[in-house]
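See below for the structure under consideration.
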Amino acid sequence: MQAFTRLNGLVAPLDRANVDTDAIIPKQFLKSIKRSGFGPNAFDEWRYLDHGEPGMDNSKRKLNPDFVLNKPRYQGASILLTRENFGCGSSREHAPWALEDFGFKVIVASSFADIFYNNCFKNGMLPIVLPAHAVDALFDAVSGQVGYQLNIDLEKQIVMTPDGKTYTFEVDKVRKHNLLNGLDDIGLTMQQQNKIKAFETKHKLAQPWLFS
Amino acid sequence: MAAKTLYDKLFDSHIVTEENGTALIYIDRHLVHEVTSPQAFEGLKLANRKVWRVNSILAVPDHNVPTTNRSTGVAGIADSISRLQVQTLDENCAEYGVTEFKMNDVRQGIVHVIGPEQGATLPGMTVVCGDSHTSTHGAFGALAHGIGTSEVEHVLATQCLVQKKSKAMLVRVEGTLQKGVTAKDIALAVIGKTGTAGGTGYAIEFAGLAIRALSMEGRMTLCNMAIEAGARAGIIAVDDTTINYIKGRPFAPKAAQWDAAVKYWRTLHSDVGAKFDAVVELNAQDIQPQVTWGTSPEMVVGVDGKVPSLDMAKNEVQRADWTRAYTYMGLQANTPMSEITIDKVFIGSCTNSRIEDLRAASVVVKGKHIAPNVKLALVVPGSGLVKAQAEQEGLDKIFIAAGFEWREPGCSMCLAMNADKLAPGERCASTSNRNFEGRQGQGGRTHLVSPQMAAAAAVAGHFVDVRTFS
Ligand code: SF4
């Protein structure tokens, strides 16, 4: 997995609460058996004027000029600013894959759905929870200034605004460590093989029916 | 010893190792379907890793499968991309020796229907699946939750999952449900109360007299929707209803092992005095048949109610949300739910496609016919075995005589990944679990209801109170 340490990036605002995974990546694109290539279909139903299907040439499709991520001023954004309960709905990891492929490395919101939050870390992305008043202030700042950027420092757990204001955020120690170092979860767990085997033996003795 | 919640018991008994509040927990049952597994198997292959314990896995294709004629098998799936995904599951299962109920096996069905039906979901287990509605299996006193594809790969390779313990919430429903009010209505009423993020960070235990009185089918419906309240897991303590349901199922323990298992399962309840981080209480008597009006399961009212007006919203963000929902749903504030007419009806999904759901809906439509404005009414049984059982009871004939289509099992119009979908602007009474924008087809408008309410709406052509419908 790719490591994440620091990022100075353009912020795009998506001013909606409860953005669900069906909106982030509609189901027709889940038919793919690959992990990549979902970016052009991120927010497909909001982003394009026509109905999207896998295999279409997305560069030929008509963009919805009203959709915020289509505005010229937010092109190249790597930080998504949004509202509460972002990523609710299904467990599809295609949602973080699509956002990452689109170019987002950090998502700032007042809260996230659990599974989505967890899936982000598996893909080298950093979801940041800030209090609702901080999110409100950032929305105001982003709309007020073209080219608004934030500075994210995972090591220090801070978000810094262009005028030097900082917000601290919480992140689980283990997740932070793995993300900072780009560690692969499976590799780490494999180092515990002996413990897993020992547990399995004990568990099988206690509940043999689980193993038949 | 300190009193423990059921969640504590399940979590603690699966800890392999723990450090800094992050645990490695052992997984007993891994359910797999075609949409979230191909990248996981690919990852395994690329890293040259093996499957840790193949007999913990049960696989089935369900999201992409057609619900009409399947006589030509997988080769007959019209959409080539869907076909490839189902074929890929078949190939991966063959390669790794995973037990799979293939598309035309009578045991095939929605992954959350077949696990319990086969006895592959047992009390005390940890159950995972790359699907958020894995919470369904918590109805058996199991710790069950949805995982992402990276975690599917992690479980395949290590039989473990990296987890932090959730907080515990108790949802207590006392009293008796009114006739015509179901587990689905409890679920929607709870979500209406807590909001879709109310359970975020929690595992929810459902308890109280009204829960004890539910059948296993009802309990599965309720736990299924725990994720719609934001909770990764919903759990219900083991009792006679649980044990009687499991007995004799193909994967259930037999003979002496059965007795030992039952003895252990009887301990799977929260201890008296166990502490919960949050408690929500409802009285079953007060719960009306529910209908969602908007684009999130929390946008729900009783069937007697109206589309709420903006002055009822709690803040600016919610006002904006509701305004968008009015437009998307083509509804105005203060419209009585009973005046909303529908175009399609969908009875199915892992929430409400079990035999009890079909029986309840069939009672409502028996001897009647769907309204002229209803263009399509579908019944999609949750599994091949549910379908066979229903046909044995003659339910298929009742539905067909009433103008419904009787289909092959799968996810179908719950998420419209196959050919079953809404056209833009079409309005549907659906027994599924999500009314998100575009969920049942781009521009489609979904109203979540119980099977009885969907059946009554099909006949009336608009939402009606099933308690007084005849
Ligand atoms: S029936 Fe619907 S919610 Fe259930 S597993 Fe299938 S798609 Fe998901």
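Every number here is computed from the coordinates shown, using simple stated rules; none is lab data. Note that the coordinates shown come from a computational prediction; the quantities given were computed from them, not determined experimentally. Glycine gets a Cβ as well: all are built from the backbone with ideal geometry, and neighbour counts include every protein chain shown.
Structure data summary
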{"read-out": "Approximate spin-label separation residue B:18-residue B:209, in nm, with each point projected 7 Å along Cα-to-Cβ", "value": "3.6"}
{"read-out": "Listed residue pairs exceeding 20 Å between alpha carbons, taken from A:122/B:102; B:4/B:165; A:122/A:176", "value": "A:122/B:102"}
{"read-out": "³J(HN,Hα) computed for each position of region B:334-341 - Karplus, 6.51 cos²θ - 1.76 cosθ + 1.60, integer Hz, glycine/proline x", "value": "6, 6, x, 4, 6, 9, 8, 8"}
{"read-out": "Longest to shortest principal axis, alpha-carbon extents of region A:34-109, angstrom", "value": "31, 31, 20"}
{"read-out": "³J(HN,Hα), Karplus 6.51/-1.76/1.60, whole Hz, each residue of region B:395-405, x for Gly, Pro", "value": "5, 4, 5, 4, 5, 5, 4, 8, x, 7, 9"}
{"read-out": "DSSP bridge orientation in chain A - percent antiparallel, rounded to nearest 5", "value": "50"}
{"read-out": "Percent antiparallel among DSSP beta bridges (both partners in region B:285-430, rounded to 5)", "value": "30"}
{"read-out": "Mean-position separation - Cα centroids, region A:57-78 and region B:153-220, in angstrom", "value": "39"}
{"read-out": "D (Stokes-Einstein, µm²/s), Kirkwood Cα radius, region B:184-283, 1.002 mPa s at 20 °C", "value": "145"}
{"read-out": "Proximal aspartates and glutamates relative to residue B:306, as straight alpha-carbon distance under 16 Å, when same-chain residues fewer than 8 apart are discounted", "value": "B:298, B:339, B:465"}
{"read-out": "Where only C-alpha atoms are counted, convex hull volume of region B:110-155 per residue in Å³", "value": "63"}
{"read-out": "Relative packing of peptides B:432-443, A:51-62 - highest average C-beta neighbours within 10 Å first", "value": "B:432-443, A:51-62"}
{"read-out": "Whole-Hz couplings from phi, Karplus 6.51/-1.76/1.60, listed for region B:310-324; x for Gly and Pro", "value": "4, 5, 8, 5, 7, 7, 4, 4, 5, 4, 5, 4, 5, 4, 4"}
{"read-out": "For residue B:208, distant residues with modelled amide H under 5 Å away", "value": "B:173"}
{"read-out": "Over 18 Å [Cα-Cα, region B:294-351], rounded percent", "value": "37"}
{"read-out": "Percent of alpha-carbon pairs separated by more than 25 Å within region B:329-435", "value": "20"}
{"read-out": "Among beta bridges that DSSP assigns inside the protein assembly as shown, antiparallel share in %, nearest 5", "value": "35"}
{"read-out": "Gain on full stretching of the segment that runs from residue B:314 to residue B:335 - 0.36 nm per residue minus C-alpha separation", "value": "5.6 nm"}
{"read-out": "Chain B, Rg to Rh (Cα coordinates; Rh as Kirkwood inverse mean 1/r)", "value": "0.95"}
{"read-out": "Proxy reagent accessibility, fewest Cβ within 10 Å first, across B:143, B:448, B:177", "value": "B:177, B:143, B:448"}
{"read-out": "Average other protein chain Cβ within 10 Å of Cβ, residues A:202-212", "value": "5"}
{"read-out": "Likely footprinting exposure, A:171, B:152, fewest C-beta neighbours within 10 Å first", "value": "A:171, B:152"}
{"read-out": "Ranked packing of B:79-87, B:128-136, B:264-272, most packed first, by mean Cβ within 10 Å", "value": "B:128-136, B:79-87, B:264-272"}
{"read-out": "For region A:102-142: rounded, prolate or oblate by the Cα gyration tensor [a/c cutoff 1.5]", "value": "oblate"}
{"read-out": "Projected-area average for region B:1-152 over all orientations - Cα convex hull basis, square nanometres", "value": "10.4"}
{"read-out": "Charge dipole magnitude, Cβ of K and R +1, D and E -1 - chain B, Cα centre, debye nearest 20", "value": "360"}
{"read-out": "Taking A:211, A:112 and counting other C-beta atoms within 10 Å, the order from fewest to most", "value": "A:211, A:112"}
{"read-out": "Relative contact order [Cα under 8 Å, 6+ residues apart], chain B, whole percent", "value": "17"}
{"read-out": "Cα-derived Rg to Rh of the protein assembly as shown, Kirkwood definition", "value": "0.94"}
{"read-out": "Overall form of region A:1-149 per C-alpha gyration tensor (a/c, 1.5; a/b vs b/c)", "value": "oblate"}
{"read-out": "Estimated [θ] at 222 nm from DSSP helical runs (n ≥ 4, -39500 (n - 2.57)) normalised by residues in chain B, nearest 500", "value": "-9000 deg cm²/dmol"}
{"read-out": "Three-way shape call for region B:423-470 based on the alpha-carbon gyration tensor, with the a/c threshold at 1.5", "value": "prolate"}
{"read-out": "Entries in A:71/A:105; A:156/A:195; B:50/B:167; A:34/A:60 that, when Cα-Cα distance is taken, lie over 25 Å", "value": "A:156/A:195; B:50/B:167"}
